[in-house]
1. For a footprinting-style exposure proxy, rank B:70, A:27, A:94 by other Cβ within 10 Å, fewest first.
2. Taking every DSSP beta bridge with both residues inside chain A, roughly what % is antiparallel (nearest 5)?
3. By count of other Cβ within 10 Å, fewest leading, how are B:54, A:65 ordered?
4. What relative contact order, as a whole-number percentage, does the stretch A:36-99 give when Cα pairs under 8 Å and 6 or more residues apart are counted?
5. Any idea how far the Cα center of the stretch A:96-113 sits from the one of the stretch B:11-79, in Å?
6. Can you give me the pair-distance distribution of chain A, C-alpha pairs, 10 Å bins, whole percents?
7. Tell me the relative contact order for chain A as a rounded percent, counting alpha carbon contacts under 8 Å between residues six or more apart.
8. Kirkwood Rh, Cα Rg: Rg to Rh for the protein assembly as shown?
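Please treat every number below as a calculation from the coordinates, not as lab data. Computed from a predicted model, the values in this text were never measured in an experiment. Neighbour counts are summed over all protein chains in view; Cβ atoms, including those assigned to glycine, are modelled from backbone coordinates with ideal geometry.
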């Protein structure tokens with residue numbers, strides 16, 4: 001198993017600014033993913049964070065808005081840029097050796113004012 | 001990715017067995033079936049995974065018929081703490097996970 005931590009746990013940001021979320025895994029993992037979840041709704045995959053290469057983004061998500069870094073096998077960051085109220089959501093990262101068994105962080109609750 | 005269909009919600013009482021069926025008619029040969037549980041304000045937690053027939057662990061059982069077009073997650077003797085959203089996912093291990101709407105299970109005393 002793996003334990004995933006995220007920082008910050010929550011933040012309130014002003015429109016037009018950016019927020020960088022950190023995701024730390026307590027062991028090396030092959031795959032890392034970033035998700036967005038609106039309260040009461042399911043998870044939407046933003047991108048797959050690949051170690052040593054650019055992230056792979058899902059339809060509707062672009063690198064300019066959601067730049068991702070993955071410098072090693074235990075760490076990744078997601079930046080949400082040029083914030084608008086529509087970006088208010090919970091952002092989760094996950095990691096694992098394969099897609100089947102992913103371990104999730106507790107999430108970062110972002111509110112944009 | 002195979003599309004999955006599961007009930008939106010289910011109600012149960014403490015001590016009962018809860019069975020959640022997920023339909024995945026276009027499952028591919030190399031796809032596995034995985035179930036996750038999510039409590040409010042937490043990330044999803046892996047419950048169980050299977051390919052065919054039956055898989056059992058300390059938390060749940062997963063029943064998969066021969067045609068693999070559906071699967072049933074069985075939670076034995078549920079308690080109030082099993083109240084959560086349960087997600088059925090289908091995919092290959094080197095691919096991404098796609099979460100559907102999930103099933104909200106409410107356990108009452």
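1. Least to most surrounded, the residues fall as A:27, B:70, A:94.
2. 90
3. Fewest-to-most Cβ neighbours within 10 Å comes out as B:54, A:65.
4. Relative contact order for the stretch A:36-99 comes out at 30 percent.
5. For the stretch A:96-113 versus the stretch B:11-79, the Cα centre distance is 21 Å.
6. 16, 50, 30, 4
7. 38
8. Dividing the radius of gyration by the Kirkwood radius yields 0.98.
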